[in-house]
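Remarks on the structure that follows.
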């Protein structure tokens, strides 16, 4: 008697499969089963709070008593109240410090480290530059508050070199408080941007640089013609992460200035905290939170679209 071939056996097994009889595809259902636990957690801890925030933003509520319908009044107040709108403006000002400075300096530092990659100095530089990313933001805020205080190390160094006229309480002055907070944020995010860009540079084919040198290209020409175009996606990731960090900033501002002096360093994240837990205006805080979410998405999506890989 002849034995059935492998193809005949596989066909028979497929015909006996319950997925086959029911007209269902086994792999797709198995995939959904793997996704289901993660999606359940995401729905409970992300989608549900987001939906509740949108719901609360349409009411006047103190978080305890009865709520009253407000419609779009909370949203209108965010844009008409000078203090609330100023917090949004401050967040966009911080983008210059949180995003532009770390990305530009990160490009320069990563390019320098790539040139000395074989030396021990490169390893030390990577470790030292990435260290702020490891330090908790609360600790970083406290440390910089000491450094930038009236009798802190920064002012002591300025006094030592004869710059007594420049000395001030950097985090307590209306004109310098927001830039000082921005410097702290730039210091924290510089290491992340540098390592991301350095990882992107490691993927560039060295033959491109060799060909450029044979054509007589200098360091600047190599950077702008080879390095920069090749880092399109890495730069997009850096800009996206740092822009979101600027718009959603809270820890550093709360520890360093708590929004002061006055409201000169007030940002939406801190304003939401004060409105919800200090002033008991949960509806208004929720409206500002929804607006902040929309602004983050509106800023992140164009960046991702502009920096995506168009060759695939």
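FYI, it's all coordinate maths here, none of it is from the lab. Remember, it's a predicted structure, so these values are computed and weren't measured experimentally. Note: ideal-geometry Cβ built from the backbone for every residue, glycine included; neighbour counts use all protein chains shown.
Structure remark: mean-square fluctuation, Gaussian network model of the chain, C-alpha springs under 10 Å; the largest value among 176, 257, 127 belongs to 127. Across segment 62-200, C-alpha contacts under 8 Å between residues 6 or more apart give a mean separation that, scaled by the residue count, equals a relative contact order of 37 percent. Spin-label model, residue 139 to residue 161: label points 7 Å out along the Cα-to-beta-carbon direction sit 2.8 nm apart. The GNM of the chain, with springs linking C-alpha atoms under 10 angstrom apart, assigns the highest mean-square fluctuation among 67, 99, 145 to 67. Give the shape of the chain as rounded, prolate or oblate, defined through the alpha-carbon gyration tensor: a ≥ b ≥ c are the square roots of its eigenvalues, a/c under 1.5 means rounded, and otherwise the shape is prolate if a/b is larger than b/c and oblate if not. Cα axes put the chain in the oblate bin.
The GNM of the chain, with springs linking C-alpha atoms under 10 angstrom apart, assigns the highest mean-square fluctuation among 274, 56, 209 to 209.
Highest-first packing order for the peptide set 106-114, 258-266 is 106-114, 258-266, based on the mean count of other beta carbon atoms within 10 Å. Here the relative contact order of segment 201-296, from alpha carbon pairs under 8 Å that lie six or more residues apart, stands at 19 percent. Residues of segment 271-292 with an amide N closer than 15 Å to a point placed 7 Å from the Cα of residue 68 along the Cα-to-Cβ direction: 281-284.
At R0 = 22 Å, how high is the FRET efficiency between residue 86 and residue 176 if r is their beta carbon distance? Nearest 0.05 is fine. Once the sixth-power term is evaluated, E becomes 0.85. Where only DSSP H runs of four or more residues are counted, the chain gives -21000 deg cm²/dmol as its mean residue ellipticity at 222 nm, each run worth -39500 (n - 2.57). On the basis of the beta-carbon distance and an R0 of 35 Å, residue 32 and residue 205 show a calculated FRET efficiency of 0.30. Take every Cα pair under 8 Å whose residues are at least 6 apart in sequence, average their separation, divide by the length of segment 73-307, and the relative contact order is 32 percent.
Subtracting the Cα-Cα distance of residue 120 and residue 154 from 0.36 nm times their residue separation leaves 9.3 nm of extension gain.
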